[in-house]
Amino acid sequence: MKGVILAAGYATRFLPASKTIPKEMFPLIDRPAIDFIVQEMVDSGIHDILLVSSRRKKVMEDYFDREIELSSAFSQSNEFEKLAVIKPIDANIFTLRQQHMMGTGNALMLVEPFVDNEPFVVAYPDDIVLGEKPLSKQLIETWEKTGNTVLSVQELEEDQLSRYGVIDPDGDGKIMKVNKMVEKPARGTAPSRFVSFGRYLYTPELFDALRASDKSHSSKSEFTQTEAINHMASQGHVSAVQFEGTRYDLGEPLGFLTSAMQIGLQRSEFKETLLDEMRRLLKLHDNPNDDNSA
């Protein structure tokens, strides 16, 4: 099984920072967001990973390379803990630049030679999921049971559905067949409350479905994977799994901020100090004229 991370976009919601720094490299304390996704794939048994990138994002390639100068300096000073921290991850990282920003459908078509007619996991860096079992592993296990393309889904409240792709499921178990997916449905029109998040396991059937949808979709609309998913779903070849774990939304600034805070609370060296600071800020917010809060 191989992995693909789609990371070529502009991340305009994070301007001006994303003008020169890829959003995928924004730190969640001391690790860039993309590092969590690569680690998830490695922990799931995936060791060949393709980054679909763009001209402005060479720093992502550099991050997963060996840092010769730091390695040499830490070795000479016997700083072995720091040396371990910067050790390259146990994976073969490949990169492919998407020359034109023509949507996720186009990006997926570019990876066909890499996956070599085998199923593969695709990650969008807007979402990371932390839990006992890596999300990519959950998708792989579902594919082993169904043989289908697999979507990762969770149930959300009605007022949140219009931001996402919502599936029309056959049943409501942990693993469900998917009849179709509706992108960003208008309020009150969603076929369910099961939302598809940024992790997919695709079978090679995807590429023929993408080619068919590329010919039929409107030139005025973005070429996404949704039409291809619906084409495969119409043939009974798409399943969804209600995944386990906590999802962190990195797709917009407030989500990134709150995700960083939540991840910080999971770190023993930061937890108590961070909680104390939160309490201080809450007290200051509730009592802005209280000098003892400062």
- Note on the structure: For the range 24-35, in residue order, the Karplus 3J(HN,Hα) values (coefficients 6.51, -1.76, 1.60; θ = phi - 60°; whole Hz; Gly and Pro = x) are 5, 9, 4, x, 9, 6, 10, 10, x, 4, 5, 5
- Note on the structure: FRET efficiency (Thr95, Asp30; Cβ distance; R0 22 Å; to 0.05) is 0.40
- Task: With everything on Cα atoms, drop me the angle between helix 135-146 and the longest principal axis of the chain, reported from 0 to 90° to the nearest 10.
- Result: 20 degrees
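Only Cα pairs under 8 Å and at least 6 apart count here; give the relative contact order of the range 1-68 as a rounded whole percent.
On the way: 61 pairs, mean separation 32.7, N = 68.
Reported relative contact order: 48 percent.
Quick check on my link table: of Lys58/Lys271; Lys82/Lys271; Lys2/Lys23; Lys137/Lys174; Lys2/Lys271; Lys2/Lys87, which ones sit more than 25 Å apart, alpha carbon to alpha carbon?
Numbers: Lys58/Lys271 34 Å; Lys82/Lys271 22 Å; Lys2/Lys23 23 Å; Lys137/Lys174 15 Å; Lys2/Lys271 36 Å; Lys2/Lys87 22 Å.
From the list (Lys58/Lys271; Lys82/Lys271; Lys2/Lys23; Lys137/Lys174; Lys2/Lys271; Lys2/Lys87), the Cα-Cα distance tops 25 Å for Lys58/Lys271; Lys2/Lys271.
Determine the relative contact order of the chain: mean sequence separation of Cα pairs under 8 Å and six or more apart, normalised by residue count, in whole percent. Don't jump to the answer; show the numbers that get you there.
Values: 489 pairs, mean separation 58.4, N = 294.
Once normalised by length, the contact order is 20 percent.
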- Message: I need the calculated FRET efficiency for the pair Met278 and Lys180, taking r as the beta carbon distance and R₀ as 45 Å, to the nearest 0.05.
- Response: 0.60
- Item | Candidates Phe36, Phe80, Phe64, ranked by Gaussian network fluctuation over the chain, Cα under 10 Å, top entry | Phe80
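Sort the range 1-84 into rounded, prolate or oblate with this rule: let a ≥ b ≥ c be the square roots of the eigenvalues of the Cα gyration tensor; rounded if a/c is under 1.5, and if a/c is not under 1.5, prolate when a/b is larger than b/c, oblate otherwise. Working shown, then result.
Values: a/c = 2.13, a/b = 1.35, b/c = 1.58.
Oblate, since a/c reaches 1.5 and b/c is not below a/b.
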- Calculate the length of the line joining the C-alpha centroid of the range 60-76 to that of the range 229-294, in whole Å. 31 Å
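What area, in nm² and to one decimal, does the C-alpha convex hull of the chain cast on average over all directions?
Details: hull surface 76.4 nm².
The Cα convex hull of the chain, projected and averaged over all directions, gives 19.1 nm².
Where a number appears in this text, it was derived from the coordinates with a stated rule and is not lab data. Small disclaimer: the values here were computed from a predicted structure and weren't measured. A quick note on method: Cβ atoms are made from the backbone with ideal geometry, for glycine too, and the neighbour counts reach across all protein chains shown.
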